[in-house]
C-alpha cells in the first residue's frame with residue numbers, strides 16, 4: 001500500500017474542517033501555539049514509514065504521556081497497580097473532582113488526571129531519578145535521544161493547575177498517594193510537557209502494537225499479556241469522555257492529549273500519530289479524529 005499517498009488524500013479530504021475547534025488556551029504556553037498546523041505519520045511493524053505535512057514538528061504530548069507512565073507502573077507494580085487505580089471508563093471529564101470524591105479517592109482509570117497523578121506518585125516512590133528515568137524510557141521506545149521536557153509548559157500548567165491541585169489534595173486526603181503533593185504535581189506536569197513529533201510518537205507506540213516482540217526498554221519489562229491489556233485500556237479509556245465515540249468512529253486503541261496529538265495502534269500491523277492543535281469540546285483534536293476515521297475506513301483496518 002502507498003501509505004504516503006493515502007495520508008495525502010486523507011489530509012486533502014479533511015481540510016474543510018481545518019478551522020473547527022481551538023487550541024488548549026487554558027494552558028498559557030499552549031495558547032501560544034499556531035493552531036493551523038497538521039502532521040501525520042504511520043509506522044508498520046514491517047518497517048514501512050509514511051509521513052506528511054508537519055510530521056517532524058515537536059509538540060507537547062500532554063496526556064499521551066500517561067501511556068508511558070502506565071507501562072512503567074505496570075512493570076514496577078504488576079497487578080498490584082489496580083489496587084490504586086481502576087480500569088473503567090470515566091464517563092466524566094478528565095479532571096472531575098466529583099467522581100473522585102464519590103469513589104473515595106480511587107481514580108476510575110490511569111488516563112484521567114487523577115489516575116495519572118497516582119502513577120506519578122508511584123514512579124516518585126520507586127525510581128531512583130524519576131524525571132531522568134521517565135525521559136530515558138520515552139527516548140528508548142521512540143529511538144530518539146534528543147526528546148526533552150519543556151519546563152516552560154510544566155511551569156505554565158502549574159500556574160493555572162487549580163483543579164489538578166485540588167485533585168492531588170483529595171488523593172492525599174484519602175491516602176492514595178504517598179509523596180509530597182508539590183513534588184507529585186511537578187513531576188506530573190513535567191511528564192505532560194514532553195515534546196515529540198508525530199514520527200517519534202508513532203515509532204514509540206509501535207512497541208505497543210507489536211506485542212509479540214519482547215518489551216524491554218530502559219529497564220521497563222512487560223509481558224505480551226500486559227501489553228495487550230494496556231491496549232484494552234487505551235480502547236476504553238484513551239479519549240477522555242469521548243472514548244465511546246472514538247471507538248465508534250475509528251475503532252482502534254489509542255490515546256489523545258490536549259496538545260492536539262493522537263496516537264492509535266492496529267495490533268500486529270501499525271502505529272499512527274496525528275497532530276492538529278484545534279480541539280473539540282471534549283479536548284480531542286478535530287482534524288486528528290477525522291483523519292483517523294478516514295484511515296481506518298480506507299484501509300479497513302479497525303479492530304472490529
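The values are calculated or read from the model by the stated rules, or taken from the named source; none is laboratory data. From a predicted model like this one, the values you see are computed outputs, not experimental measurements. With ideal geometry, Cβ positions are generated from the backbone for all residues, glycine too; neighbour counts draw on all protein chains shown.
List of remarks:
Let's see how each residue does on (1) in contact with a strand residue (DSSP E or B) (Cβ under 9 Å, 6 or more places away or on another chain); (2) surrounded by 24 or more Cβ atoms within 10 Å (Cβ to Cβ); (3) in contact (Cβ under 8 Å) with a residue 60 or more places away in the chain:
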residue: 253; (1), (2), (3): yes, yes, no
residue: 256; (1), (2), (3): yes, yes, yes
residue: 264; (1), (2), (3): yes, yes, no
residue: 269; (1), (2), (3): yes, no, yes
residue: 274; (1), (2), (3): yes, yes, yes
residue: 280; (1), (2), (3): no, no, yes
residue: 286; (1), (2), (3): yes, no, yes
residue: 295; (1), (2), (3): yes, yes, yes
residue: 302; (1), (2), (3): yes, no, no
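- With respect to the conditions (1) in a helix (DSSP H, G or I); (2) touching a helix residue (DSSP H, G or I) at 6+ places or on another chain (Cβ under 9 Å), residue 5 lacks only one, and its number is (2).
- Within the stretch 62-137, helices (runs of 4 or more DSSP H) holding 2 or more residues that are buried (at least 20 other Cβ atoms within 10 Å of the Cβ): 65-77, 113-126
- Flag for residue 175 being within 22 Å of residue 98 (Cβ to Cβ) and surrounded by 19 or more Cβ atoms within 10 Å (Cβ to Cβ): no
- Residue ID - nearest to residue 51 (Cα to Cα), chosen from residues in the stretch 234-282 that are within 12 Å of the chain's Cα centre (by Cα) and part of a loop (DSSP other than H, G, I, E, B): 260
- Failed item, numbered, when residue 28 is tested on (1) out of contact with any strand residue (DSSP E or B) (no Cβ under 9 Å at 6 or more places or on another chain); (2) exposed (fewer than 13 other Cβ atoms within 10 Å of the Cβ): (2)
- Lone unmet requirement of (1) modelled with pLDDT of 95 or more; (2) more than 22 Å from residue 195 (Cβ to Cβ) for residue 281: (1)
- Residues in the stretch 19-61 that are in a strand (DSSP E or B) and under 30 Å from residue 267 (Cβ atoms): 13 in all.
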